[in-house]
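Asker: Input: one structure, supplied below.
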Amino acid sequence: MADELKAKEPGIVRIIGRSESARAYAIRDFLGRGDVPFEWIELNTDDQARKYGVDNLNDPRLPICLCPTGTRMENPTIRQLADKLGWYSDPSNTEYDLAIYGAGPAGLSAAVYGASEGLKTVLIERSVVGGQAGTSSKIENYLGFPEGISGADLAKRAREQAYRFGSEILMLREGVRGEFAPGKGTGYLTDGTKIVAHATICSTGVRYRKLNLDNEDKFQGIGVYYGAGVSEATLCEDKHVFVVGGGNSAGQASMHFARFAKKVTVVIRADCLRRTLSQYLVDRIHSSPNIEVLARTEVVALHGDHMLRALTLRNNETGEEKTCDTSWLFLCLGGEPQTDWAVEPGIVRDSDGYLVTGPDLLQDSKYPKSWPLERSPYYLETNVPGLFAAGDVRHGSVKRCASAVGEGAMAVTFVHRYLAET
């Protein structure tokens, strides 16, 4: 048994457990998005479980993580795993020049440019770096990567750049409240930590929408997944996978799953993919023999016991319903901005919750009464001086990785102007 408990390869995390485990999925997803190599060992019998030092398949010590250092972790939380990987740390300063919330492409770009230009910079991320882009199996329309690059790999490179220039990154931390005074903003994190900075960039992006069906929360991580589910693709061999959504993230996911799955069904409400999907993806999907597209269709029910076993589809044109057996449903339904924290300090949002910046703050040729300065807000500045927004969270932004990177860099330029005047 001792041999079974050793990591086979240096640098590889081994995860041992059952596929019907939301915790096991969360660990695989975390490591996948963090670009950490791992091996998934699925247990199907009690005898297999006993080889790894647990009593049976239902042992609460599962899943087990075997780290490259030889450390054995039983049913670890993501926080505990991050600690072991050296990814969890406390702020090293009491005050920063620039605090950035959200480590997607916009936040990572801002961290690189802020730190490289001499600003004492901290980047706060509630999960792992990369944001929604980090879940993409391949980004093919990003400048400079003609063969494409995975979102996790792009995020890893950006993270290393930010570190190299001296940016501090706090992962698994989430801001819940903000206070903003002239020249100083204070962000309060879920664990009570305070982040004080002279300027702030919000790049918290968006979270995937839900179907809002019965059992949806129950099956999360055990049949229902949000995003492209890159870590799960190899587990779908010879399975029937369903992808819901008509954007590029859904298109990339379906192409990635098609390499492993027996069949991939893309479910969209629109009448065709061309309305919402880049043409190169439309062409590839329609030329893939194991991908079908169900237009004018939606998922209306989820079925199962302790995990998803089937779903019901409705054709919105005919009203016809049919039930399909599957344990693999991936939802790429666009996003909702994560801006609940903005209500209390009075930061202007649009009707959908996106942060309004720059000239978009003008209403009837006037800026909000809450804008206190004689100058106009900078292009990416909110109605609170020194608080900027970049990327998907911003009203009117272009929902593309390259534009988010550009906005992150641009926001730092305006931060310098703001700091110079204060």
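The numbers here are math on the coordinates, done by the rules we state, and not lab data. These figures come from a predicted structure and were not determined experimentally. Using ideal geometry, Cβ is built from the backbone for each residue, glycine included, and neighbour counts are taken over all protein chains shown.
Asker: For the chain, what does the alpha-carbon gyration tensor say about shape, rounded, prolate or oblate, given a ≥ b ≥ c as the root eigenvalues, a/c under 1.5 as rounded, and a/b over b/c as prolate?
Answerer: It is oblate, given that a/c is not under 1.5 and a/b is not larger than b/c.
Asker: Further question on the same structure: For a 24 Å ceiling on Cα separation, which of these pairs sit above it: LYS84/LYS156; LYS210/LYS399; LYS263/LYS322; LYS138/LYS322?
Answerer: LYS138/LYS322
Asker: If I fit a long axis through the Cα atoms of helix 22-33 and take the longest principal axis of the Cα atoms of the chain, what angle between them do I get, 0 to 90°, rounded to 10?
Answerer: On a 0 to 90 degree scale, this one is about 60.
Asker: Looking at CYS324, GLY227, HIS286, which one has the Cα that reaches farthest to the positive end of the dipole of the chain (charges on Cβ: Lys, Arg +1; Asp, Glu -1)?
Answerer: HIS286
Asker: Indicate the gyration tensor shape class of the stretch 224-331 (rounded, prolate or oblate), computed on the Cα atoms with a ≥ b ≥ c the square roots of the eigenvalues: a/c under 1.5 is rounded; otherwise a/b larger than b/c is prolate and the rest oblate.
Answerer: Since a/c reaches 1.5 but b/c is at least a/b, the shape of the stretch 224-331 is classed as oblate.
Asker: For the stretch 224-331, give the magnitude of the charge dipole about the Cα centre (Cβ charges: +1 Lys/Arg, -1 Asp/Glu; no others), in debye to the nearest 20.
Answerer: Approximately 220 debye in magnitude.
Asker: A further question follows. Quick one: 3J(HN,Hα) in Hz for the stretch 183-199, Karplus 6.51/-1.76/1.60 with θ = phi - 60°, rounded, Gly and Pro as x.
Answerer: Coupling constants for the stretch 183-199: x, 7, x, 10, x, 9, 8, 4, 8, x, 5, 10, 10, 9, 8, 7, 9 Hz.
Asker: Now a separate question. Using a Gaussian network model on the chain with a 10 Å cutoff between Cα atoms, which of LEU108, LEU31, LEU189 fluctuates the most?
Answerer: LEU189
Asker: Taking 30 Å as R0, compute the FRET efficiency from the Cβ-Cβ separation of HIS286 and GLU336 and round it to 0.05.
Answerer: Working from the Cβ atoms, E equals 0.50.
Asker: Hey, another quick one. Please work out how much length the chain gains when fully extended from ALA402 to LYS369, using 0.36 nm per residue of separation minus the C-alpha to C-alpha distance, in nm with one decimal.
Answerer: 8.5 nm
Asker: Could you list which residues have their amide H under 5 Å from that of TYR96, counting only those 5 or more apart in sequence or on another chain, with H placed in the peptide plane?
Answerer: VAL196, ALA197, HIS198
Asker: Where the centre of each part is set by its Cα atoms, how far does the stretch 4-79 sit from the stretch 378-422, in angstrom?
Answerer: Computed from Cα coordinates, the inter-centre distance equals 41 Å.
Asker: Roughly how big is the stretch 3-85's charge dipole about its Cα centre, with Cβ charges of +1 (Lys, Arg) and -1 (Asp, Glu), in debye to the nearest 20?
Answerer: 240 debye
Asker: If you place +1 on the Cβ of every Lys and Arg, -1 on the Cβ of every Asp and Glu, and leave all else neutral, what size is the dipole of the chain about its Cα centre, to the nearest 20 Debye?
Answerer: Charge dipole, the chain, about its Cα centre: 380 debye, nearest 20.
Asker: While we're here: Among LYS156, LYS263, which comes first, second and so on when ranked by fewest other beta-carbon atoms within 10 Å?
Answerer: LYS263, LYS156
Asker: At a Förster distance of 35 Å, what's the computed FRET efficiency of ALA295 paired with ASP360, Cβ-Cβ distance as r, to 0.05?
Answerer: Computed FRET efficiency for ALA295 and ASP360 comes out at 0.55.
Asker: Sticking with this one: For n ≥ 4 DSSP H runs only, could you compute -39500 (n - 2.57) per run for the chain, divide by its residues and tell me the 222 nm figure to the nearest 500?
Answerer: It lands at -7000 deg cm²/dmol.
Asker: Something else now. If you rank CYS202, CYS324, CYS332 by fewest surrounding Cβ atoms within 10 Å, what's the result?
Answerer: Arranged by neighbour count, lowest to highest, CYS202, CYS324, CYS332 become CYS324, CYS332, CYS202.
Asker: Another one. May I ask you to evaluate 6.51 cos²θ - 1.76 cosθ + 1.60, the Karplus curve with θ = phi - 60°, for each residue of the stretch 279-285 and list the ³J(HN,Hα) values in order in whole Hz, giving x for glycine and proline?
Answerer: Here the 3J(HN,Hα) series is 4, 5, 6, 4, 4, 5, 4 Hz.
Asker: Using a Gaussian network for the chain with springs between C-alpha atoms less than 10 Å apart, which of these wobbles most: GLY118, GLY151, GLY166?
Answerer: GLY118
Asker: Separation of the stretch 319-339 and the stretch 207-266 by C-alpha centroid, Å?
Answerer: First find each Cα centre; the distance between them is then 8 Å.
Asker: Quick one: order THR121, THR234, THR69, THR413 by neighbouring beta-carbon count within 10 Å, fewest to most.
Answerer: In order of increasing Cβ crowding within 10 Å: THR69, THR234, THR413, THR121.
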